[in-house]
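Down below is the structure, laid out as structure tokens.
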Ligand code: FES
Ligand SMILES: [Fe+2]
């Protein structure tokens, strides 16, 4: 098998939370246009200050709503001034278009966390973002050539830790799947010799790292662990880049005393991966020793696709407009 139907297939998008960039981009008065999970979206803040996400193509003639203006949390299209609320309803039209207020823009669940914007690629979130309280440092976004699923899988790939990162396991890593959306590896590892960074990490950790690496959906992953006495919490977010490959973002979460060592551990752990991932053309040739990878790919294969959510929403929308037409005919 050279390709899975969903896992690592660049032709489809699995539902999940996708990062739309720093929340500071929504600080100004205007809307923000982004390319995310293969669509053009517009993000803006509602009157309550919370983020909203709509398809950016106006339901009228397809103008880019990111060129519109915001008025009391409602988005007015720049072309003919149809105006949309955060849930996608057209709430006002100029008088020449009276009666067109039934138009809808597709809306997407959106929220703000760790100083970033997140949009669910689907109609209703199937799972929450990981519960990781605390402020976060965001490392600069990276472009990788590998598919987001393949990048997210990297922390489950136990056998590359020794080859690429010089880590020796203490005991066998433990694999489990807490639910249909999470694959978790629990491990203890000794930091080997090899350079200044490894020396820092060894000094910090007393030579042993304890960590749980958990994938969340198919494009997020979390490390929760300890380097010595210091807790380390890291979130990885991988989204498809519009030109292929991934945009990967790393969040170091917790107080400054835990973010600093987390940064060192991450620099040590991630350093070797990029070169390999950028030249990799993925084949799902999992061996029995790759049980964690196969388990993760299997979960990804079962995730619904964004298209399925869009089709279901379209059916509901057309049922809704049929209902309102019926109601109109009945004079309600
Ligand atoms: S294209 Fe948006 S109002 Fe006409
Ligand atoms: Fe790695």
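The numbers here are math on the coordinates, done by the rules we state, and not lab data. Every value quoted in this text rests on a predicted model; they were computed, and no experiment measured them. Reconstructed Cβ throughout: ideal geometry from the backbone, glycine too, with neighbour counts over all protein chains shown.
What to note about this one:
- For a modelled paramagnetic label at residue 71, 7 Å from Cα along Cα-to-Cβ, the residues of region 86-113 in reach, with backbone nitrogen under 20 Å, are 86-105.
- Exposure proxy shown here: for 24, 95, 246, the number of other Cβ atoms within 10 Å sets the order, fewest to most, as 95, 24, 246.
- Helix 291-302 vs. the chain, principal-axis angle (Cα, 0 to 90°, nearest 10): 10 degrees
- GNM result for the chain, Cα springs below 10 Å: residue of 217, 30, 49 fluctuating most strongly: 49
- Modelled spin-label separation between residue 315 and residue 256, with each label point placed 7 Å from Cα along the Cα-to-Cβ direction: 5.4 nm.
- If you take the alpha carbon atoms of the chain and fit the smallest convex hull around them, that volume is 146 Å³ per residue.
- Linear extension gain, residue 212 paired with residue 175, 0.36 nm per residue minus alpha-carbon span: 12.3 nm
- Of 208, 83, 14, the sequence from fewest to most neighbouring Cβ atoms within 10 angstrom is 208, 83, 14.
- Scattering from region 17-120 was approximated by placing one identical point on each alpha carbon and applying the Debye formula without solvent; log10 I(q)/I(0) at 0.17, 0.19 1/Å stands at -0.67, -0.84.
- Crossing angle, helix 195-205 versus the chain [Cα axis fit, 0-90 degrees, rounded to tens]: 90 degrees
- Each helix, a run of at least 4 DSSP H residues, gives -39500 (n - 2.57); summed and divided by the residues of the chain, these come to -7500 deg cm²/dmol at 222 nm.
- For region 1-34 versus region 239-318, the gap between their alpha-carbon centres in whole angstrom: 11 Å
- Helix 306-329 and the long axis of the chain differ in direction by around 20°, with both axes built from C-alpha atoms.
- Residue order, fewest to most beta carbons within 10 Å, for 252, 277: 277, 252
- Percentage, to the nearest whole number, of Cα pairs in region 136-302 over 28 Å apart: 16 percent
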